[in-house]
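Asks: Shown below is the structure under consideration.
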Amino acid sequence: MRLRILLTLAVALFLSVGVATAAANRAPNPSKQLCVSDGGTYSTKASTSFFAPVFTKHLLWTCNGYSGGSTASKALGGSCTTDGGQPESIDSGFVTCWKTPAH
């Protein structure tokens with residue numbers, strides 16, 4: 001009986017340490033924070049990009065519907081570059097961050 005209880009406690013401890021470690025390693029995404037703070041919608045899904053059907057680049061993220069004009073566009077473009085991508089903007093309020101795949 002004691003062995004079963006100790007084994008159960010060990011497994012519970014092991015699982016809780018793994019969950020806590022995973023949560024601690026998840027750093028806040030600066031690009032997402034910029035987008036959301038300006039009222040935008042942040043996404044990493046290819047279907048959210050206007051350019052998705054045309055280009056074979058790898059989509060890092062999009063930010064749609066943000067306010068803040070050119071100041072926000074410049075900040076998001078800089079954030080995209082920091083993420084290792086190349087920003088593309090249709091107009092103020094929409095930024096797509098791409099990464100060209102290595103050939």
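Asks: From the set of residues in the stretch 48-73 that are at pLDDT 90 or above and not in a loop (DSSP other than H, G, I, E, B), which is farthest from Asp38 (Cα to Cα)?
Replies: Leu60
Asks: Got a sec? Which of Ser92, Ser79 is polar (S, T, N, Q), under 12 Å from the mean Cα position of the chain (by Cα), modelled with pLDDT of 65 or more and surrounded by 14 or more Cβ atoms within 10 Å (Cβ to Cβ)?
Replies: Ser79
The values are calculated or read from the model by the stated rules, or taken from the named source; none is laboratory data. Since the structure is predicted, the reported quantities are computational estimates derived from the model, not experimental observations. Don't worry about glycine lacking a Cβ; one is built from the backbone with ideal geometry, like all the others, and counts go over all protein chains shown.
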